[in-house]
Amino acid sequence: VLFSSGAGLRQRVAEALIAQQGSRQLAPSSCQAVAFKLLPPPALVDYHRCYEEKLEANSSHDWSIPGAQLAAQTACWCQANMTPTVDEFGCCDHNDFFPMCTVDCDPDCGSELAKTCVQECPSMCFEAAEYVIEKGLCSRCDWPKCWPVLQCMTQHAEARIEKNELDRTCHESNFLNGGELADYSRCWRDAPKHSSHWNVLSSVVHCSCRENMVAHVRENHCCDSSVYGGGVCEVACFTEAQCGTQEAQTCIQRCQRICESAEATPSRECTEQCLGGRSPCRNFTSCRPPAVSSHICDDGRWPEASSGCCAMNRTDGAPGVVYGCPKMCEAESMWRVDGGRSMPWWSRWQPGHGVVAQCSCRGCPETTEDRLSKLDRTLEDSVWDNGQMMLVDIARREGLRFGPTRRMQELMALRNEKIVSLRRGLGGADEAAAARINDRFVDLITAAAREGDDERAPSGPGPSGDANGTLYLGLLCAAATVFVAA
């Protein structure tokens, strides 16, 4: 199979647990996911900052290791201490987070569980949705059981990579010096990839044909190299006329629909009809992948046609922009599609600075009117609940024994008032303005928490016999006497 595509292991873990436990509902009503992202608590901000740093071109994170994306997510999850926060907000079972709350941030890699999981879940099982692996290699792997020791498994993969030696047989220097490689990279970066698994694969095959990479691989005797050839020499490159036929267009539109990126991995129908090596539509992946518009960004503009990501102004004062889904989306997936151990390696090669991201955004407003209406409803319905959960979360993070202090509650009430007042403005509510207000008050509330607990609780043992306890019991006895006398 050429360039097998797919993303994410967490969805398969969820499916495994559903099979084990019968009916299990993800994303329960207690998780207000939109408010959680619109008004993020400190832990979520720390997590995103950590993960964005790992996505930078000069990051020290090694993306060439199997499971590198999960390793990055787990490292940032643990660094930000996300489990208590996500649990506090009732979101551990939400699709965006499950099953990360089960990760052990300090696992014993010498335990029997860790050893068993390393043996039963070989390193390439992390990439089973994206790479061709030996049949049955991962059949014994129990992902729900092994998720707590995920870090042990990614560390094992890293150790194996350090010892690996790869034989290369093609003329590498000639291959690298050809202009075809740079032309391919520009084509692939700009091709639409986010709307479906079909487009992810089609962007690679189409650009390989358009920029003469098939001929370039053959001329440099690289067809037999899994690293430089990866099956590209067997690609059938169709002409524009062939791609314009009714058969081709029917395949492209149908595969766009049944291979939607809302699913973490291609469905069986998608594989059988579109992506599989013998599927009836597979050859049409060499045709131009269609551009699809599915949502509108927070600033009213359309997302990038190639990635589906929106460029959003930062709210932390740092320069530049961040990429992702609109905050008004119910669920989102964002992953890096360049780099890694792709076959062939150049199929997802991104020279220079920056990364090639892919955003799959679901349940998003499709018009400006829809966006403003949903924002108003979210602020009206969720701002108080979000504030209360954030107060408890900050109090826990700062070690307050008796929960949020009075000053913290006063500041949160002021935050809520200012956010709700946005809805009364002439221009209506604004996500960026709400985020700025939230960021400012998070800092103020955290500073108030660091001033310590309120002096609200008795310091003695109470009912066991001290003065406070005697008074309390005395009041109870007096109340009982009055009741009997009456």
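The values are calculated or read from the model by the stated rules, or taken from the named source; none is laboratory data. All values derive from a computational prediction rather than experimental measurement. Glycine gets a Cβ as well: all are built from the backbone with ideal geometry, and neighbour counts include every protein chain shown. Please note that ligands, DNA and RNA were not included when accessible areas were found on the heavy atoms of the full protein model with its side chains. Shrake-Rupley method; radii C 1.70, N 1.55, O 1.52, S 1.80 Å.
Structure notes:
- Test for C359: is it over 18 Å from L39 (Cα atoms) and open to solvent by less than 50 Å² (accessible area, probe 1.4 Å): yes
- Within segment 353-366, being part of a loop (DSSP other than H, G, I, E, B), under 12 Å from P326 (Cβ atoms) and touching a residue at least 40 places away in the same chain (Cβ under 8 Å) holds for C364, P365, E366.
- Test result for T85, modelled with pLDDT of 90 or more and under 30 Å from C270 (Cβ atoms): no
- Residues being of a type in the set (K, R), surrounded by 14 or more Cβ atoms within 10 Å (Cβ to Cβ) and in a loop (DSSP other than H, G, I, E, B) - total across segment 291-336: 1
- Among the residues of segment 37-92, those identified as hydroxyl-bearing (S, T, Y) and crowded, with 19+ Cβ neighbours inside 10 Å are Y47, Y51, T74, T83, T85.
- Taken over segment 281-299, the criterion of being under 22 Å from the mean Cα position of the chain (by Cα) and polar (S, T, N, Q) is satisfied by S293, S294.
- Flag if A114 is aliphatic (A, V, I, L, M) and either closer than 28 Å to E332 by Cβ or assigned to a loop (DSSP other than H, G, I, E, B) (or both): no
- Among residues of segment 106-131 that are of a type in the set (F, W, Y), those with a beta-carbon under 6 Å from a residue that is at pLDDT below 90 and open to solvent by less than 40 Å² (accessible area, probe 1.4 Å) at least six positions away or on a different chain give the pairs F126/P66; F126/G67.
- Helices (runs of 4 or more DSSP H) completely within segment 141-221 that count 2 or more residues being open to solvent by 40 Å² or more (accessible area, probe 1.4 Å), within 30 Å of L113 (Cβ to Cβ) and at pLDDT below 80: 150-163
- Qualifying residue in segment 276-286 (condition: open to solvent by less than 70 Å² (accessible area, probe 1.4 Å), in contact with a Cys (Cβ under 8 Å, 6 or more places away or on another chain) and not in a helix (DSSP H, G or I)): yes
A quick yes/no check of all residues on (1) of a type outside the set (G, A, S); (2) in contact (Cβ under 8 Å) with a residue 40 or more places away in the chain; (3) out of contact with any strand residue (DSSP E or B) (no Cβ under 9 Å at 6 or more places or on another chain):
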| residue | (1), (2), (3) |
| --- | --- |
| L38 | yes, yes, yes |
| A43 | no, yes, yes |
| Y47 | yes, no, yes |
| E53 | yes, no, yes |
| I65 | yes, yes, yes |
| Q69 | yes, yes, no |
| W77 | yes, no, yes |
| A80 | no, no, yes |
| P84 | yes, yes, yes |
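- Among the residues of segment 364-400, those identified as among the small types (G, A, S) and buried (at least 16 other Cβ atoms within 10 Å of the Cβ) are S382, G387, A395.
- Residue in segment 102-123 that is under 15 Å from the mean Cα position of the chain (by Cα) and of a type in the set (A, V, I, L, M, F, W, C) present: no
- Selection within segment 441-452 - outside any loop (DSSP other than H, G, I, E, B), in contact (Cβ under 8 Å) with a residue 24 or more places away in the chain and open to solvent by 50 Å² or more (accessible area, probe 1.4 Å): L444
- Residue in segment 8-26 that is modelled with pLDDT of 65 or more and not in a helix (DSSP H, G or I) present: no
Residues checked against (1) among the small types (G, A, S); (2) out of contact with any Leu (no Cβ under 9 Å at 6 or more places or on another chain); (3) modelled with pLDDT of 90 or more:
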{"residue": "L55", "(1), (2), (3)": "no, yes, no"}
{"residue": "D62", "(1), (2), (3)": "no, yes, no"}
{"residue": "P66", "(1), (2), (3)": "no, yes, no"}
{"residue": "C78", "(1), (2), (3)": "no, yes, yes"}
{"residue": "T116", "(1), (2), (3)": "no, yes, yes"}
{"residue": "M124", "(1), (2), (3)": "no, no, no"}
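- If you go through segment 33-73 and keep only what is of a type in the set (A, V, I, L, M) and not in a loop (DSSP other than H, G, I, E, B), you end up with A33, V34, A35, L38, A43, L44, V45, L55, A68, L70, A71, A72.
- Condition check for M343: modelled with pLDDT under 80, outside any helix (DSSP H, G or I), under 24 Å from N95 (Cα atoms) and open to solvent by 60 Å² or more (accessible area, probe 1.4 Å): no
- Every pair of residues 6+ apart whose Cβ atoms lie under 6 Å, when the first sits in segment 230-255 and is free of Cβ contacts under 8 Å to residues at least 40 places away in the same chain and within 15 Å of R288 (Cβ to Cβ) while the second is open to solvent by less than 60 Å² (accessible area, probe 1.4 Å) and aromatic (F, W, Y): A248/F284; C251/F284
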